[in-house]
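The structure appears below as C-alpha cells.
Rule-based calculations on the coordinates, nothing more; no lab input. Keep in mind that what you see is a predicted model, and the values were worked out from it rather than measured. Glycine gets a Cβ as well: all are built from the backbone with ideal geometry, and neighbour counts include every protein chain shown.
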Amino acid sequence: MTARANPPGLPLAYFITFGTYGSWLHGEEKGSVDRSHNLPGTPYLEPNSARLEIEEASRQQDAYVLDEARRGHVLAAVREVCAVRQWDLFAAHVRPAHVHLVLAAGDTPEKVMNAFKCYASRRLNAARLDDRGRKRWSRHGSTRYLWHPQAIEEAVAYVVDEQGPAMAVYDRRKDGAP
C-alpha cells in the first residue's frame, strides 16, 4: 500500500477516528482518553461512576447514532471530500457511534478531521434526517500518524476487517480509487 509523498514533517498517512456526540463518555466501563491521558500506549482512564454521572448530566442532547441511512451519507461525504481535496483515501468504516479513516493528506490531521465532520454534516443537513441544531460529532477524536507503509496496511486491516460486521465501508484494496 503506497501513499503519495506528503510535505516534509508530515507522515505518509493518518489514521483518524472520531465519535458521534455523546457516544463515548469519560467514566464509562470501556474506558476513555482525556487531555491529560492521551499519549500513545498509555492505558485508558479507569471507569468512574461519579465522572460518568457528571458527563451524562452535562450532555445537552441524547447520544447521536448513525443508522444505515446516515452511515451511507457520511461515507459518501468522506469520499467527496477526498475527491475535492485530492486526499488519498485507503479505507473508511462508518459505524453507529464512530468513524474510522485511513488516508494521506497534505494538511494537519485536525484540519482533515474537521473537513470530514463539516462535509458529513452538510450532507446530513441536506438529507433532512435530523432536527436543526442537532449535535452530531464529538469535540475531537484520535489522530494517529502512520510513518511507514506497513503501518498503513495494519490500520487498513483494522478499519476494514476488525470492526465487526461491515457497515458503510470503503476499502481501496477492493474498491479502487475513491
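HN-Hα J couplings of the range 61-68 from phi, Karplus 6.51/-1.76/1.60, θ = phi - 60°, integer Hz, Gly and Pro as x?
Here the 3J(HN,Hα) series is 9, 5, 4, 8, 10, 8, 7, 4 Hz.
State, to one decimal in nm, how far the label point of residue 154 lies from the label point of residue 61, with both points 7 Å from Cα in the Cβ direction.
3.7
Taking other Cβ within 10 Å of each residue's Cβ, how do 159, 102 sort, fewest first? Write down the numbers at each step before the final one.
On the way: 159 23, 102 32.
Listed from fewest to most nearby Cβ atoms, that is 159, 102.
How high is the relative contact order of the range 87-141, given as a whole-number percent (alpha carbon pairs under 8 Å, six or more residues apart)? Working shown, then result.
Working: 31 pairs, mean separation 12.0, N = 55.
Relative contact order here is 22 percent.
Give me 90, 18 sorted ascending by neighbouring Cβ count inside 10 Å, so fewest comes first.
Numbers: 90 27, 18 20.
The most exposed by this proxy come first: 18, 90.
Could you list 167, 113 in order of exposure, starting from the residue whose Cβ has the fewest other Cβ atoms within 10 Å? Don't jump to the answer; show the numbers that get you there.
Numbers: 167 15, 113 23.
Sorted ascending by nearby Cβ count, the order is 167, 113.
Starting from the Cα-Cα distance between residue 110 and residue 162, subtract it from 0.36 nm times their residue separation and give me the gain in nm to one decimal.
Details: separation 52, 0.36 × 52 = 18.72 nm, distance 2.46 nm.
Taking 0.36 nm per residue and subtracting the Cα distance, the gain is 16.3 nm.
So if each residue of separation counts as 0.36 nm, and I subtract the Cα-Cα distance between residue 144 and residue 83, what length gain in nm does that give?
Values: separation 61, 0.36 × 61 = 21.96 nm, distance 2.17 nm.
Net length gain for the segment: 19.8 nm.
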